[in-house]
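Data first, discussion second: the structure below is written as C-alpha cells.
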Amino acid sequence: MEEVAEDLLDLYASREVVPGFAFSRDTIWQRELEASFPYIETPDQITAQKEIKEDMEKNKPMDRLICGDVGYGKTEVAIRAAFKAVIDGKQVAVLVPTTSIGAAALCHFSERMKAFPVKIESLSGSAHRRTGQRH
C-alpha cells in the first residue's frame with residue numbers, strides 16, 4: 001500500500017511541473033455544436049462542461065473523471081470536450097468498457113459532429129478490425 005501511495009505521489013508531483021497544452025477559448029464552431037444539442041442541459045452537465053473547459057484552457061495536464069448514471073449526459077460532455085481538442089488540431093481517443101457502448105458512442109459522436117469537418121472512427125480490440133465513419 002505504501003508503495004502504491006508513493007507512486008501516486010510521484011506521479012502527481014511530476015504532473016505539477018510538466019507543462020500541458022492550453023486549448024483555445026471557444027470558437028464559433030464550438031458554440032454551434034453546443035447550440036445544436038437537442039435537449040436541455042442538466043445543471044450537472046453545465047457545471048462539468050464549464051470546469052472541463054477551464055481545465056483545458058490551462059497550460060497544465062487535466063486530471064478529471066466524469067461519473068454519473070446511465071442517461072445523464074456524460075457522452076455529451078465528452079463530445080464537447082473532444083470537439084474542443086479536435087478544433088485545436090489534436091486527436092482524441094475515447095475509451096469505453098464494451099463493444100456495444102463503443103458502437104453507441106461512435107453513433108452519438110458521428111451524429112453530433114456531422115456538420116463539421118471531423119473524422120470519427122472506431123477501433124475495437126475484440127473484433128481486431130477498424131471500422132469508421134468519415135465526416
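Within the assembled protein chains, the solvent-accessible surface assigned to residue 56 is about 20 Å², based on a 1.4 Å probe. Taking 0.36 nm per residue of separation and subtracting the current Cα-Cα distance, fully stretching the chain between residue 119 and residue 28 would add 30.9 nm. For the chain, complete DSSP H runs whose alpha carbons reach 18 Å or more along their own long axis and whose mean Kyte-Doolittle score is 0.5 or higher are 74-87. Across the chain, C-alpha contacts under 8 Å between residues 6 or more apart give a mean separation that, scaled by the residue count, equals a relative contact order of 21 percent. Between [x] 36, 21, 16; [y] 28, 17, 12; [z] 26, 20, 16, which matches semi-axes √(5λ) of the Cα gyration tensor in Å calculated for the structure shown? Evaluating semi-axes √(5λ) of the Cα gyration tensor in Å on these atoms matches [z]. Accessible surface comparison of 67, 107, probe 1.4 Å, protein chains only, largest first: the order is 67, 107. Averaged per residue, the chain has 73 square angstrom of accessible surface, using a 1.4 angstrom probe with ligands and nucleic acids left out. Computed over the chain, the per-residue total of -39500 (n - 2.57) for DSSP H runs of n ≥ 4 gives a 222 nm mean residue ellipticity of -16000 deg cm²/dmol, rounded to 500. Accessible surface of the chain, 1.4 Å probe: 57 percent of it comes from carbon and sulfur atoms. For residue 74 and residue 6, the difference between the fully extended length at 0.36 nm per residue and the C-alpha to C-alpha distance is 21.3 nm.
Rolling a 1.4 Å probe across all protein chains gives residue 53 an accessible area of roughly 30 Å².
The values are calculated or read from the model by the stated rules, or taken from the named source; none is laboratory data. Please read these numbers as outputs of a predicted model, since none were measured by experiment. Protein only, heavy atoms only, side chains kept; ligands, DNA and RNA dropped before computing areas. Shrake-Rupley method; radii C 1.70, N 1.55, O 1.52, S 1.80 Å.
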